[in-house]
Amino acid sequence: QVQLVESGGGLVQTGGSLRLSCAASGIFFRLNSMRWYRQAPGKQRELVAAIIGDGTTNYLDSVKGRFTISRDNAKNTVYLQMNSLKPEDTAVYYCASFGLNTAWGQGTQVTVSS
């Protein structure tokens with residue numbers, strides 16, 4: 001059974017940090033691109049960060065220098081370290097896998113208060 005389970009969301013003040021985790025099961029984790037998306041109320045879902053098997057990453061321009069995506073292939077887990085958070089980062093954050101297996105997590109809420 002394919003499953004992606006996010007954790008680590010919450011409420012934080014402007015300038016604070018959060019670390020999201022996404023534990024994967026039932027997929028060929030190391031062969032998939034892993035991504036973090038977010039969707040704010042009334043807005044379209046957008047790609048925040050992505051990482052492929054060799055560790056190559058890319059980021060949404062507005063989070064470059066603040067967010068870091070990483071993966072631990074031994075633990076089938078992808079992370080999103082979010083620093084210097086801003087109110088505009090408030091959204092539901094989703095983990096997703098693409099490649100051999102396409103799957104989405106259920107989402108975790110991140111709220112940044114001003």
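The values are calculated or read from the model by the stated rules, or taken from the named source; none is laboratory data. Note that this is a predicted model, so its numbers are computed, not measured. A quick note on method: Cβ atoms are made from the backbone with ideal geometry, for glycine too, and the neighbour counts reach across all protein chains shown. Only protein heavy atoms, including side chains, enter the accessible area calculation; ligands, DNA and RNA are left aside. Shrake-Rupley method; radii C 1.70, N 1.55, O 1.52, S 1.80 Å.
Roughly how many Å is it from the Cα centre of region 58-76 to that of region 1-56, as a whole number? One Cα centre to the other: 8 Å.
Scanning the chain for trypsin sites (Lys or Arg not before Pro) that sit in a DSSP loop and have at most 11 other Cβ atoms within 10 Å, the longest stretch containing none of them is 65-114. Between Lys43 and Val2, the simple spin-label model (points 7 angstrom out along Cα→Cβ) gives 2.7 nm. Using a probe of 1.4 Å, the accessible surface attributed to Leu100 totals some 110 Å² when neighbouring protein chains are kept in position.
Among Ser21, Ser97, Ser84, the largest mean-square fluctuation in a Gaussian network model of the chain (Cα springs under 10 Å) belongs to Ser84.
Using the Cα centre as the reference, give the magnitude of the dipole from point charges on the C-beta atoms of the chain (Lys, Arg: +1; Asp, Glu: -1; all else neutral), rounded to the nearest 20 debye.
Values: 11 positive and 7 negative charges, 7 e Å.
That gives a dipole near 40 debye.
Taking springs between alpha-carbon atoms closer than 10 angstrom, which of Ser62, Ser70, Ser25 fluctuates most in the Gaussian network model of the chain? The residue with the greatest mean-square fluctuation here is Ser62. At the listed q of 0.17, 0.20 Å⁻¹, the Debye profile of the chain, built from one uniform point per Cα, gives log10 I(q)/I(0) equal to -0.74, -1.01.
Counting heavy atoms of the protein chains alone, Trp36 has an accessible area of about 0 Å² for a 1.4 Å probe.
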